[in-house]
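What follows is a short report on a single structure.
FYI, it's all coordinate maths here, none of it is from the lab. Predicted model only: the values in this text are computed from it and were never measured. As a convention, Cβ positions derive from the backbone with ideal geometry for all residues, glycine included, and neighbour counts pool all protein chains shown.
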């Protein structure tokens, strides 16, 4: 991936999704600003992660889950603000313990400043993910 300051928002988001699928947490964490804020309003209760350290901790939990993610149909839409993009994608998920599968559509709004995610609002179907993790 090019130097942080030269990364386009679209490239950052596409690389983030591929790195999540590959469980490359170092690469994923490096895409967030030190003071980034990630909100997941559809989670019950709502998840709010403040700062790269909290984001890394959350990613660690996801990384240990017995689930593989395969993002597909990735679309990144530009907005009137050059720092803000809307990402849409589907995750095909497989529970590695027994092969059970599920798919989940995702939409997230990202602000990418100086090549790093400054904030995001992530709208995922947490019930689908919870069902696969149970």
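Take the Cβ atoms of residue 83 and residue 62, set R0 to 30 Å, and the FRET efficiency comes out at 0.70.
The angle between the Cα long axis of helix 52-64 and the main principal axis of the chain comes to about 30°, on a 0 to 90 degree scale. Axis angle, to the nearest 10 degrees, between helix 9-21 and the longest C-alpha principal axis of the chain: 30 degrees. Given that just one value was derived from the coordinates, which of (i) 35, 22, 9; (ii) 24, 15, 15; (iii) 24, 20, 11 is semi-axes √(5λ) of the Cα gyration tensor in Å? Recomputing semi-axes √(5λ) of the Cα gyration tensor in Å here gives the entry labelled (ii).
Fewest neighbouring Cβ atoms within 10 Å first, the residues 37, 61 line up as 61, 37.
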